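Structure first, then comments.
Values quoted throughout were computed directly from the atomic coordinates according to the rules given, and no laboratory measurement underlies them. Predicted model only: the values in this text are computed from it and were never measured. Neighbour counts run over all protein chains shown; Cβ positions are idealised from the backbone, glycine included.
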Ligand SMILES: C[S@@+](CC[C@H](N)C(=O)[O-])C[C@H]1O[C@@H](n2cnc3c(N)ncnc32)[C@H](O)[C@@H]1O
């Protein structure tokens, strides 16, 4: 299987410089909520520059963080050394995870399911590596709930957006894709982030938990 295009030097520079400011403006609280209550061994896909790492609870015994983009991975490796729990950052793509079947208690996807090349394939792969009864935690910007913004998002996805922002798509209906992949959604919040009067194409956001099922 091809890895697809995973080096995005301009996007990597951009994301590494803006994401800490996003975290100072409310993003860090969302990450805290995303990871709250996790225990045991966790796999994080598309970990980027590692901004989740500081928020893993002490009951997490190991995080395997998979990140294909070299520049972001290097920053992530530095942040892993400062994390309160053991974090190993490795090269790889979410479509083909370097992990045994059913080897993790949970998986984490934040701001990455918008960018993967094969969303159903990634969700199948997560289903494979999470143990029966384990969970998927997600924090993702998604398709809007209003027709006007959805039209803008679709137009952007069909034109400039993916090329400008490292393969990101703004019109993905990620909650539906998670459910279609066989996960049972246990908890789902929808909100706009950041909280601005006029929404950005990336503002509609979901945060939630889905369980992997026992079979
Ligand atoms: C917007 S950044 C988010 C980084 C991080 N998850 C966070 O919450 O800040 C998107 C990340 O997804 C990664 N990515 C893109 N395609 C991927 C794939 N197929 N498999 C794994 N990661 C991927 C990118 O390299 C980038 O680090």
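Computed quantities for the displayed model
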item	result
Estimated FRET transfer efficiency (residue 58, residue 159; beta-carbon r; R0 30 Å; 0.05)	0.10
Within a Gaussian network of the chain (alpha carbon springs, distance under 10 Å), most fluctuating of 122, 170, 160	160
Additional length obtainable on full extension of the chain from residue 18 to residue 90, 0.36 nm per residue less Cα span	23.6 nm
Exposure proxy order (Cβ contacts within 10 Å, fewest to most) of 108, 90	90, 108
Most fluctuating residue given options 43, 198, 178, as computed from a GNM of the chain linking Cα atoms under 10 Å	198
Estimated 222 nm signal from helices in the chain, with DSSP H stretches of n ≥ 4 weighted -39500 (n - 2.57), rounded to 500	-9000 deg cm²/dmol
Relative contact order, percent, region 41-184 [alpha-carbon distance under 8 Å, six or more residues apart]	21 percent
Calculated on alpha-carbon atoms, Rg and Dmax of the chain in Å	16.0, 45
Pair residue 148, residue 197: separation of 7 Å Cα→Cβ label points (nm)	1.4 nm
Segment residue 215-residue 124, extension gain: residue separation times 0.36 nm, minus the distance between their alpha carbons	31.4 nm
Cβ-derived FRET efficiency at R0 45 Å, residue 10 paired with residue 100, nearest 0.05	0.80
Label point at residue 39 placed 7 Å out along Cα→Cβ; residues across region 120-157 whose backbone nitrogen lies under 16 Å	131-136
